[in-house]
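Heads up, the thing below is written out as structure tokens.
The values are calculated or read from the model by the stated rules, or taken from the named source; none is laboratory data. Small disclaimer: the values here were computed from a predicted structure and weren't measured. Every residue, glycine as well, gets a Cβ built from its backbone with ideal geometry; the counts of neighbours run over all protein chains shown.
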Amino acid sequence: MIGYFFETVLASLLASVIPILGYLFIIWWLDRNEREPLKLVFIHFIWGAVGAVILGIIWSMSLHGILKFYISNEAINELTGTIIIAPVVEEITKGMFLLIMLSYRSYDNITDGFVYGGAIGLGFGMSENFLYFITAQGDYVSWLYIVFVRTFLTALLHCSSTAFLGVSLGYAKFKPGLQKYFIGFMGLIGAIVLHSLWNASVSFSDTFILGIGYGVSVIVLMIILFITSIYFESRIIRRELSEESQNNFFNSKFLSIIPYYSERRKKGWIDESFRKEYIRVATQLAFRKMQCEQLRPGWRKEVYKSEIDFLRDRINKMDEALAKSV
């Protein structure tokens, strides 16, 4: 009996952790223009797996307790909790950390929002999967079915809904005044709706197949959104660095290679001791310029201008060092 219990725990742990960590690595790796610090991505992941889960359980239990005073029918009570309470509570607890981390410089566009929001959603999905796997009833085939559905759909829906909020916050960060708060709020509403529709569609046998189709569609659309955001980032890098050359800030022959991932990852186009740093600084310069253009006059804009000057100076010094080494 004890051996069976430990086998169940181990199988549930492996089934919940390994695929999710694989998803996390893929999301981080695909952000090829300006990869986020892996440590920071993992911190978001841990918040989703631990902090958001604990807060979500506490708040959900509290709201369920209040709900029982007003709804005596247990079936309706349970359905309300699944379709309304769970999506609202879980997306708020997951999104809290995104809002806190939004002030960090590393969170500065929609792709970053996708990575950080997706990391939180995956962390939450991993912990939730483990709880479901370890308490699943039935035979081995039934257990595998639950593992399959939750690994390839439910966990990715958690990832998608919180990534949607992250994208909204990343887009809103440099918008002026009330527009910023409106976009952020609508991002939260969108995340809740995505989550709620999934829960609702798979809660009834008559709509379960439609729910599967809905889940797959949401995941595919979010993947397309992620890939599109990376493509537009490349265009931003190309435009901003081209402008730098046209304005005679640099005479570097290397800047034209930076926007093209397949080219810049090759060795030989620049001294290898400079390559990674050169790519990082040039890419950061392009994004800071774009962000500075969106900011209204004020202290934040001046801070970004100072950083742009610093990054230009850094590139010039690397170009000088490269010229001397030839």
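Worth pointing out:
- Whichever residue in segment 270-308 is of a type in the set (K, R) and in a helix (DSSP H, G or I) and, among such residues, is farthest from D108 (Cα to Cα): R275
- Residue check for I183: aliphatic (A, V, I, L, M), surrounded by fewer than 24 Cβ atoms within 10 Å (Cβ to Cβ) and part of a helix (DSSP H, G or I): yes
- Residue within segment 169-176 that is assigned to a helix (DSSP H, G or I) and among the charged types (D, E, K, R) present: no
- Subset of segment 185-211 (residues that are β-branched (V, I, T) and over 11 Å from L157 (Cβ atoms)): I189, I192, V193, T207, I209
- Within segment 98-105, one or more residues are at pLDDT below 85 and either outside the structural domain of F164 (by TED's automatic domain parsing) or not hydroxyl-bearing (S, T, Y) (or both).
- Residue check, I120 under 30 Å from V281 (Cα atoms), within 12 Å of the chain's Cα centre (by Cα) and touching a residue at least 60 places away in the same chain (Cβ under 8 Å): yes
- Counting only residues that are modelled with pLDDT of 90 or more and either among the small types (G, A, S) or outside the structural domain of L194 (by TED's automatic domain parsing) (or both), segment 53-80 holds 3 of them.
- Screening segment 1-85 for helices (runs of 4 or more DSSP H) wholly inside it with 1 or more residues that are β-branched (V, I, T) and under 14 Å from the mean Cα position of the chain (by Cα) returns the ranges 2-30, 38-46.
- One residue from F130, F114, F148, F124 being farther than 22 Å from S217 by Cα and of a type in the set (F, W, Y): F130
- Hits in segment 52-103 (condition: touching a His at 6+ places or on another chain (Cβ under 6 Å) and over 17 Å from G125 (Cβ atoms)): G81
- Here segment 16-39 is the region considered, the condition is being over 23 Å from I236 (Cα atoms) and at pLDDT below 95, and the residue that is surrounded by the fewest Cβ atoms within 10 Å (Cβ to Cβ) is K39.
- The lone criterion from (1) buried (at least 19 other Cβ atoms within 10 Å of the Cβ); (2) touching a residue at least 40 places away in the same chain (Cβ under 8 Å) left unmet by V89 is number (2).
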